[in-house]
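Data block below; observations after.
Read-outs: derived from the displayed coordinates by stated rules, not from any lab. What you see is a predicted model, and the numbers here were worked out from it, not measured in a lab. For neighbour counting, all protein chains shown are included, and Cβ atoms are generated from backbone atoms with ideal geometry for every residue, glycine included.
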2 protein chains.
Amino acid sequence: MADHPKKVELTPGIGHFYSWPLVLVTCADGQGKPNIITIAASAACSATPPTIGVAVAPARYSHGLIAASEEFGVNIPRKADLERADLCGSISGREEDKFARAGFTPLAGLVISVPVIAECPVNLECRLVHTAHLGSHDWFIGEVVSARADESVVVGDGRVDPVEVDGVFSWWGQYCSPGTPLDRWGFSQDSE
Amino acid sequence: MADHPKKVELTPGIGHFYSWPLVLVTCADGQGKPNIITIAASAACSATPPTIGVAVAPARYSHGLIAASEEFGVNIPRKADLERADLCGSISGREEDKFARAGFTPLAGLVISVPVIAECPVNLECRLVHTAHLGSHDWFIGEVVSARADESVVVGDGRVDPVEVDGVFSWWGQYCSPGTPLDRWGFSQDSE
């Protein structure tokens, strides 16, 4: 008998994945009308070039906008803005102006023609470099071509201070703030 | 003057991304010799089929193994195992047997010919369905073809209980446990 806990077989699914970084993805139509989509399936994908991936269902209004413009913004919301961040995940930009409805302010992109969200402390502008057609969702990978943050959250060497951002993420589907840091940093080098 | 905080331009990079789900990716060579690689750039990419992406640098030993076998395991470590999870990110499987060195037990895959890690409470078996060649890292996307969890962390309806797992993630580069849940769940529907 193996010396480890008994395993139970589960239905294969992404519900067993655990930590989901909540981002507000901005995009715009050909006339410059902007939209916001709330995405929790997102990740950094490569360091050089710096890329970020986001999962968007093909049927969604924002999907067509991103595919057409090949640009999107990745905005990291504060915990204090969770209510309206969540709202942007529950209504459609086809019928409503989500910036107006959620009370967010569009801030013109520095490099892309898609705005970012002024109220989000971290704003990354991305150019689409790869699309993986997977089924229920496409995985859009964008290169980070411009990055901005609120002055109040930036520390000396151009890094973002997590405590100042006071962000939020989804942990097995439930929103959480990070707890006390474990007094140690990530592994020291690229693994093999 | 706009009614929002002053923004500072930063060097574009993935260091400004914030929440990184730490996973131990398992793989194996043609002779069945297994390896473990510690990855924090990972995410669910689509719901149907259920897929998970992980970033692996092409120069790494594990990269060749995954590309050749087109299979990998995604194992979610407990906070209590952080020390040895981290160790797997700091040594190379080319020279060392990481299972032996870290004291992890390989458990044969149910569907794939790559083992999972017995000591990790959640084990997902993936078949490679897409590779995005991005530069410093390739983004490997695998379909979850089998899922298992420790009996002690599974609740009635086949879900994993986050509190029982007592997991860990990397938050702007620093390991954290999730704090108190915010008493609300993720947005109610796919956003548009």
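Taking the centroid of alpha carbons for each part, the stretch B:122-173 and the stretch B:55-106 are 14 Å apart. For residue A:33, inter-copy separations between label points set 7 Å beyond Cα along the Cβ vector come to 6.1 nm, shortest first.
Among residues other than residue A:127 whose Cβ falls under 15 Å from its Cβ, what is the net charge (Lys/Arg +1, Asp/Glu -1)? Can you show the working numbers first?
Values: positive: none; negative: A:70, A:71, A:125, A:143.
Around residue A:127, the surrounding residues sum to -4.
Label point of residue A:105 set 7 angstrom out along Cα-Cβ; within the stretch A:66-89, amide nitrogens under 20 Å from it belong to A:73-86, A:88.
Estimated purely from DSSP H runs of n ≥ 4, each contributing -39500 (n - 2.57), the mean residue ellipticity at 222 nm for the protein assembly as shown is -3000 deg cm²/dmol once divided by its residues.
With a cut-off of 8 Å between alpha carbons and a minimum separation of six or more residues, what is the relative contact order of chain B in percent? Show your work: numbers first, answer last.
Values: 362 pairs, mean separation 45.0, N = 192.
Worked out over chain B, it gives 23 percent.
A Cβ-based charge dipole, computed about the Cα centre of the stretch A:1-127 with Lys and Arg at +1 and Asp and Glu at -1, lands at about 140 debye.
The GluC sites (Glu not before Pro) of the stretch B:46-136 that meet both conditions, a loop assignment by DSSP and at most 16 other Cβ atoms within 10 Å of the site Cβ, are B:70, B:95, B:96.
Calculate, in nm to one decimal, what residue A:155 and residue A:4 gain on full extension: separation in residues at 0.36 nm each, minus their alpha carbon distance.
Numbers: separation 151, 0.36 × 151 = 54.36 nm, distance 4.44 nm.
Contour length minus the Cα-Cα distance gives 49.9 nm.
Each residue of the protein assembly as shown gets 125 Å³ once the volume of the Cα convex hull is shared out per residue. With Cα atoms as the point set, the radius of gyration and Dmax of the stretch A:45-99 evaluate to 13.2, 38 Å. In the frame of its principal axes, the stretch A:1-66 has Cα extents of 65, 31, 16 Å, reported largest first. Position residue B:90: other-copy label points at 4.5 nm, ordered by increasing distance, label point 7 Å along Cα→C-beta.
Rg and Dmax over the alpha-carbon atoms of the stretch B:20-176 stand at 14.4, 43 Å. Shown for residue A:70: label points 7 Å from Cα along the beta-carbon vector, and their distances to the equivalent points in the other copies, 2.9 nm in ascending order.
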